[in-house]
Each structure stands twice: as structure tokens, then as C-alpha cells.
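Nothing in this text is a laboratory measurement; each read-out follows from the coordinates by a stated rule. Everything numeric in this text was worked out from a predicted model, so none of it was measured. Note that we place each Cβ from the backbone using ideal geometry, even for glycine, and neighbour counts take in every protein chain shown.
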Amino acid sequence: MQADEIQAKLLQLLTRIAPDVDPQSVVADQDFRDQFDFDSMDALHFAVAVSEAYGIPIAEADTGRLANLKSAADFVRGRLAPPS
């Protein structure tokens, strides 16, 4: 799966969790909480949505890697990549 496909899907999940977010205004490398009203419950819901959408487990310790679009996409891509 390509990086742009992952980011597009993550934006869909994000706007489902926070419907007032304009996906066109999201800055990829800026934390969600700094861009808009995204609290810890939103972050938890986003992590669950990502886990369910991609079928990957997300440990509590890894939730910080979903703090912005770029790091979330990198995390998902790393989890989906076949072992070398």
C-alpha cells in the first residue's frame, strides 16, 4: 500500500472521529492536538479506528506514534510491510 493511500485512509478515519476537521487543512507533521481540538479520548478513538481499519494491533505505548498524520502513516506502513 502506497503512502498517499495510507494518508488518505487515515484522513477519512480522522474526520470520522473529529467531523469538524477539514482534511485539506491538516498539516501532516504537526500534532493533531496542536492543530485542532483533539483530546485524549479522540486519540484513543483514532487508535482503535486505525487498528480496526488495518487489522493491526496497536499497543498503548505506540499510541503516541499516531499523534500526527505523517507519523501515523509511517507507523501503519511499517506494520503492513512484509518482514524482510
If the chain between ASP29 and GLU52 were fully extended at 0.36 nm per residue, the gain over the current Cα-Cα distance would be 6.0 nm
Difference of contour (0.36 nm per residue) and Cα-Cα distance, MET41 to LYS9 | 9.5 nm
Report ³J(HN,Hα) in whole Hz for each residue of the stretch 65-71, in order, from the Karplus equation J = 6.51 cos²θ - 1.76 cosθ + 1.60 where θ = phi - 60°; Gly and Pro get x.
-> 6, 9, 6, 9, 5, 5, 5
Looking at the chain, which chymotrypsin sites (Phe, Trp or Tyr not before Pro) are DSSP coil and have at most 13 other C-beta atoms within 10 Å of their C-beta?
-> none
Within the chain, helix-based [θ] at 222 nm, where runs of 4 or more DSSP H residues each add -39,500 (n - 2.57), nearest 500 | -17000 deg cm²/dmol
Which entry is the computed Rg and Dmax of the Cα atoms in Å for this structure: [x] 11.8, 34; [y] 11.9, 40; [z] 12.4, 36?
-> [y]
Calc'd 3J(HN,Hα), the stretch 7-24, phi into Karplus 6.51 cos²θ - 1.76 cosθ + 1.60 (θ = phi - 60°), Hz, glycine/Pro = x, comes to 4, 4, 5, 4, 5, 4, 5, 4, 6, 6, 6, 10, x, 7, 7, 8, x, 6
